[in-house]
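The block underneath contains the structure these notes are about, expressed in structure tokens.
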Amino acid sequence: MRGDSMDITADSELFAKIKQAYNGAPIAHDGIVCPKQYENIVFLLKEVNKPNMAKNWPYYKVLYFQANPEEAPINLRKDFYRSTFTNICLWIEAFFNPTCSYEDCFLADKTDYDIERLRKNLNKTAIVNIKKTAGGGSSKYEELIAVCHDPKKSELLKTQLKHTEPALVICGGTFELAKIIFNIQDTNIHFLPSGAKYFLNDNVVFLEFTHPAWFSVPQKILFAYAQSVFNDVKNIINLRRS
């Protein structure tokens, strides 16, 4: 668990360096959603869907208010971003509540997900994007590759991840990119019994996983897959911590 404050002043020096690495362009300030409830699970994603970012964007506040809308000022109170966060919230449920069934994630009348309950799961995680400047719903892979190969940007990204003190980094469509960032060779890739790939770096498990906005596979199937993979990966985490 991290500190008690949502204030990220301690990270301001890091993000000043990140902004400088991007030649002064506006950056999305991502990271831990709720320091009080953080459970050392990080989602490593590609970039924010914010194509017209004219100034630095406190994305961590967007995340916090998505999880805790009752605390959001009226001007920042938004509908739940279902296409972005529903799967993340379901997968966190699968991780921390392994006896939960997919059907348990619905309202009593089964008409829809219990969003008001599930969205609180965002408080347990951190969301870190590889590319910190303006992005869209569909990432340009060559831009992400360029970030991974840029020594200054990749080192700052590694520093940010280290600051989150993760036990597990879930690579949402970013596993191959993470391999570049951490210079991981194929000989250092391991497989879980479920078939998912992972690698270890500084006692942290980096797990291959699908992007949370990928809806080609029914969410019920992805939920069951998440339960299977997380059951396997918990054994690795426990071994690394023992």
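The values are calculated or read from the model by the stated rules, or taken from the named source; none is laboratory data. The structure presented is a predicted model; accordingly, all values stated were derived computationally and were not measured. All Cβ positions, glycine included, derive from the backbone under ideal geometry; neighbour counts span all protein chains shown. Accessible surface areas use protein heavy atoms only, side chains included; no ligands, DNA or RNA. Shrake-Rupley method; radii C 1.70, N 1.55, O 1.52, S 1.80 Å.
Every test in (1) over 21 Å from Leu90 (Cα atoms); (2) in contact with a His (Cβ under 7 Å, 6 or more places away or on another chain) is passed by Gly173 save one, and that test is (1). For beta carbons closer than 6 Å, sequence separation of 6+ or different chains, a first residue in the stretch 201-212 that is more than 17 Å from Gly173 (Cβ to Cβ) and a second that is in a loop (DSSP other than H, G, I, E, B), the qualifying pairs are Asn201/Phe182; Val204/Pro166. Taking Thr125, is it modelled with pLDDT under 95 and in contact with an Asp or Glu (Cβ under 8 Å, 6 or more places away or on another chain)? It is false that Thr125 is modelled with pLDDT under 95 and in contact with an Asp or Glu (Cβ under 8 Å, 6 or more places away or on another chain).
To keep it simple, each residue is scored yes or no on (1) closer than 16 Å to Ala226 by Cβ; (2) open to solvent by 40 Å² or more (accessible area, probe 1.4 Å); (3) at pLDDT below 95; (4) part of a strand (DSSP E or B).
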position	(1), (2), (3), (4)
Lys50	no, yes, yes, no
Phe85	yes, no, yes, no
Cys89	yes, no, no, no
Ala94	yes, no, no, no
Pro98	yes, yes, yes, no
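If you go through the stretch 169-187 and pick out every residue that is open to solvent by 80 Å² or more (accessible area, probe 1.4 Å) and either polar (S, T, N, Q) or under 22 Å from Gly31 (Cβ atoms) (or both), you end up with 3.
Checked against (1) at pLDDT below 95; (2) part of a loop (DSSP other than H, G, I, E, B), Phe15 passes all but condition (2).
The helices (runs of 4 or more DSSP H) falling completely within the stretch 127-242 that include 2 or more residues that are among the small types (Gly, Ala, Ser) map to 219-241.
Scanning the stretch 20-55 for residues being in contact (Cβ under 8 Å) with a residue 24 or more places away in the chain and over 24 Å from Glu165 (Cα atoms) gives a total of 10. Does Lys55 meet the test of being more than 16 Å from the chain's Cα centre (by Cα) and not hydrophobic (A, V, I, L, M, F, W, C)? Here the answer is yes, as Lys55 does meet what is asked.
Counting the residues of the stretch 135-166 that are in contact with a strand residue (DSSP E or B) (Cβ under 7 Å, 6 or more places away or on another chain) and within 23 Å of Lys234 (Cβ to Cβ) gives 3.
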